[in-house]
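Novice: Take a look at the following structure, please.
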Amino acid sequence: MTRSVIEICEGLATGEFSSVEITQDYLARIAQHNPALNCFISVTGELALEQARQADTVRAAGNAGALTGVPIAHKDLFCTDGVRTSCGSRILDNFIAPYDATVIEQFNQGGTVMLGKTNMDEFAMGSSNENSYYGSVANPWNLKHVPGGSSGGSAAAVAAGLAPAATGTDTGGSIRQPAAFCGVTGIKPTYGRVSRYGMVAFASSLDQGGPFARSAEDCALLLQTMAKFDPRDSTSSEQAVPDYSAGLGQGIEGLKIGLPKEYFADGLDSRIAGVIETAIDELRKLGAEIKEISLPNTGLSIPTYYVVAMAECSSNLSRFDGVRFGHRCENPVDLEDLYKRSRGEGFGAEVKRRILIGTYALSAGYYDAYYLKAQQLRRMIKDDFQSAFDSVDLILGPTTPEVAFEIGAKTDDPVSMYLQDIYTISLNLAGLPGMSLPVGFVDGLPVGMQLIGNYFDEAGLLAAAHSYQQVSDWHLQTPGLTS
Amino acid sequence: MTLKSEDIRNIAHLARLHIDEDAIDDYVDDLSNILSLVDQMNQVDSSSVAPLSNPLDATQRLRADEVTETNQRDKFQQIAPDVADGFYRVPKVIE
């Protein structure tokens, strides 16, 4: 069950199997492996089979689209009409979304089959998936290790073959880091490329949805369905969407790729550096021109990011008040008690920490010192990238400084967890697209390489990743799950 | 930057977030550590830099002021914790 999306599309087109049959296969595999992996918060088997039957009917009538009948898993923060959308939080444990996110609507219109909703760090706040009300997710390559986060369930589900593809969201690395930790391919598009409507907000100026799959080729197909202007999202981009699959063959001959020296400095596991060097050699052989560049404000990206993200999260999460939906405390004595206890009981420790820091940073007398300052540094970080893109077409580096760590290893120290995001968060601050693809192993755990593109150059990223995947087989490796 | 337990209580009140008394000390430590990390921002003079709020420097798109949503009150109230006669019920606010 390690079929790619493209292979499933072919099998459905040639009649090798029906959508109902392939959906049943995945549901069986989920039933077998999810108890150990905990990738899914909800498995929507009945709905999946209904959608699969419908897809088979559409195909029989000769009306199949590119993804008709393909099973997919969705991160449990995309609202799904009639299906629980928990965001990994107790406060939304009873929340049946009353509408579909635009991303879900687009996949439904494309005829895909939803297998279920995947586990995640609560409200996408975390880098290990340990901050979920529904328990941590196991990394399919080593069950004692984390899958990364926040979209850990999606990445682990694809790696374990419980779904051929999954959606995720990325606010500071939440697609790229779990993709790296689980050995799959994931892309975070340019800010505004994929609609945020119905994607429960964490930090609105950073959040962006994107796909996970087994290859860049599959990601191209999925992103085609996701990327679209949406009038319901006020920051959605009106830029035309190119044909990503058609662009895959453009190759990388003559492409200028920059290596930021700050991404290869202290703090990077030297074995990861070695694996990345080998991948760079492959790209050189394919005709890429590699040069060193500098992103001098890289070190500032972590403090800047956490101020922006926490300030925006404290504001966004004020909507969870126990009044209109979600958890409400028992017997509130007054309105303030209702707010405080509903929120206190509903949110987990990390979400509370972030709400508190964000509230502090936005409170009277501190706004300029924290939020305004962070926004100024944010521009400096963006400017670094813009000058770099004057001389290179793509930027390349490791996705993470370490491979997947053990469950529990960093839970006592939030700051050490935040430092994991050093190579990924600056892209969200700048709004740039980035992707992670597997390029090797350290200690039996996957290593991810990050490619960073200029604004709206998702096609260039996918093409470069595809070229590499044509001459390597890291993306074809699968974890040895028992049976 | 070091916070005191009283700061945590104040911030928690501003955030309308109940924090257990016996967890306050942990929050003092965790939040103080996070603020020390954040204080690294002050290593750089950015006084002449214009703040960036939208990463693409875009402004909010406006649309015509027209009704585009239908009334779905009944559907929305199905998931509410407490409703009556089409209203959301909360503890008495005004005596």
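Only the coordinates and a few stated rules stand behind these numbers; no lab work does. Only a predicted model underlies this, so the values are computations on that prediction, with no experimental measurement involved. Methodologically, a virtual Cβ is constructed for each residue, glycine included, from the backbone with ideal geometry; neighbour enumeration extends over all protein chains shown.
Novice: Taking amide H atoms as placed 1.01 Å from N in the peptide plane, list the residues 5 or more away in sequence, or in a different chain, whose amide H sits under 5 Å from that of residue A:442.
Specialist: Amide H to amide H, under 5 Å and 5 or more residues apart or across chains, residue A:442 pairs with A:447.
Novice: Net charge near residue A:212, counting Lys/Arg +1 and Asp/Glu -1 over other residues with Cβ under 11 Å of its Cβ?
Specialist: +2
Novice: Work out the charge dipole of the protein assembly as shown with +1 on the Cβ of Lys and Arg and -1 on the Cβ of Asp and Glu about the Cα centre, then indicate which of A:200, A:129, A:89 is farthest towards its positive end.
Specialist: Farthest along the dipole direction, towards plus: A:200.
Novice: Also, quick follow-up: Pairing the Cα long axis of helix B:5-14 with the longest principal axis of chain B, what angle in degrees results, from 0 to 90 and rounded to the nearest 10?
Specialist: 30 degrees
Novice: Excluding same-chain residues fewer than 8 positions from residue B:4, which lysines have a Cα within less than 21 Å of its Cα?
Specialist: Cross-link targets: A:340, A:352.
Novice: How many angstrom separate the Cα center of the stretch A:78-125 from the Cα center of the stretch B:1-70?
Specialist: The two parts, judged by their Cα centres, are 26 Å apart.
Novice: Put +1 on the Cβ of every Lys and Arg and -1 on every Asp and Glu Cβ in chain A; which of A:323, A:49, A:430 then has its Cα farthest towards the positive end of the dipole?
Specialist: A:323
Novice: Could you check the simple spin-label distance between residue B:23 and residue B:47, using points 7 Å along Cα→Cβ, in nm with one decimal?
Specialist: Going from the residue B:23 label point to the residue B:47 one covers 4.1 nm.
Novice: Another question, then. Could you pull out every residue, at least 5 positions away or on a different chain, whose amide H is within less than 5 Å of the one on residue A:293? Hs are placed 1.01 Å off N in the peptide plane, and Pro or chain starts have none.
Specialist: It is A:259, A:261, by chain and number.
Novice: Another one. Within chain A, which DSSP H helices have Cα atoms that stretch 30 Å or more along the helix axis and a mean Kyte-Doolittle hydropathy of at least 1.0?
Specialist: Helix filter hits for chain A: none.
Novice: At residue B:82 and residue B:2, where each label point lies 7 Å from the Cα along Cα→Cβ, what is the point-to-point distance in nanometres?
Specialist: Output for this residue pair reads 4.3 nm.
Novice: Among A:288, A:158, A:79, whose Cα sits farthest toward the positive end of the charge dipole of chain A (+1 at Cβ of Lys/Arg, -1 at Cβ of Asp/Glu, about the Cα centre)?
Specialist: A:79
Novice: Here's a follow-up. Considering only DSSP beta bridges whose two residues both sit in chain A, what percent are antiparallel, to the nearest 5?
Specialist: 70 percent
Novice: Moving on to the next point. Let me have the 222 nm mean residue ellipticity of chain A computed from DSSP H runs of 4+ only, each contributing -39500 (n - 2.57), with the sum over all residues rounded to the nearest 500.
Specialist: Roughly -11500 deg cm²/dmol at 222 nm, from the helical runs in chain A.
Novice: With a bin width of 10 angstrom, please list the P(r) values of the stretch A:85-124 as percents of all Cα-Cα pairs, from the 0 bin to the one holding the largest distance.
Specialist: All Cα pairs considered, the percentages come to 27, 48, 24, 1.
Novice: Roughly how many nanometres apart are two label points built 7 Å out from the Cα toward the Cβ at residue A:94 and residue A:2?
Specialist: So the label points at residue A:94 and residue A:2 sit 4.5 nm apart.
Novice: Angle between the Cα long axis of helix B:24-38 and the longest principal axis of chain B, 0 to 90 degrees, nearest 10?
Specialist: In chain B, helix B:24-38 runs at an angle near 70 degrees to the longest axis.
Novice: Treating cross-link reach as a plain straight distance, find the lysines whose alpha-carbon is under 24 Å from the alpha-carbon of residue A:256, omitting any fewer than eight places away in the same chain.
Specialist: Qualifying lysines at Cα under 24 Å: A:188, A:285, A:291, A:382.
Novice: Let me ask something else about it. Could you give the dipole magnitude of the protein assembly as shown about its Cα centre, charging the beta-carbon of Lys and Arg +1 and that of Asp and Glu -1, in debye to the nearest 20?
Specialist: 600 debye
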